[in-house]
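Scroll down for the structure; my scribbles are underneath it.
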Amino acid sequence: MLVAGDSAGSLAIRMFDMNDSDNQFDQLSHQLSLLMDELANQNFFRLVSSDAWEPEVNIYEAPGRFLICAELAGMRSDEIDVSIERGAITISGHRPQPVVPKSDDADGEESLSIQIMEINAGRFERRIAIAGDVDVKNITATYRNGFLWLIAPKMGTKSMDEA
């Protein structure tokens, strides 16, 4: 049996004999079922391994340009930094924790316990490699409805201002 984990908890993974094919699938299915039951009884926090979380992005290509959409809900445009260096666009900033709205029927301080916490907060950074044919001097950014849109024209195409 292989045991992995830290002092807060460990995960046991049973290693099966490959020659025992009769019960192998049933044993693996049972072990996975136990693991899923254990995980279902815990509170979850979405954690990232680095000091900063990475916002989700969609990248599109259209004739003459690339479009990058980053999901950054709950922010103001002045809280988002966009920089271009060494062949990459970096989107960074700091998103505050969501604040629970006060209820009219709550008496004083309401005691809350977290059941699921998936919304990232704090410092974020996302680096996106730029294709060699992008005109980095004419990249534009727009923040609207929780989405940051970057428009990166390709070299040799006319911008809207030049048309």
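The values are calculated or read from the model by the stated rules, or taken from the named source; none is laboratory data. Just so it is clear, the structure is predicted and the values come from calculations on it, not from any experiment. Don't worry about glycine lacking a Cβ; one is built from the backbone with ideal geometry, like all the others, and counts go over all protein chains shown.
Computed values, structure above
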read-out	value
So Ala131, is it assigned to a loop (DSSP other than H, G, I, E, B), out of contact with any Pro (no Cβ under 9 Å at 6 or more places or on another chain) and closer than 21 Å to Val57 by Cβ	yes
Filtered residues of the stretch 65-89 (kept if part of a strand (DSSP E or B) and either farther than 19 Å from Asn145 by Cβ or acidic (Asp, Glu) (or both))	Arg65, Phe66, Glu71, Asp81, Ser83, Ile84, Glu85, Ala88, Ile89
Lone qualifier among Glu56, Glu118, Glu38 - being modelled with pLDDT of 95 or more and among the charged types (D, E, K, R)	Glu56
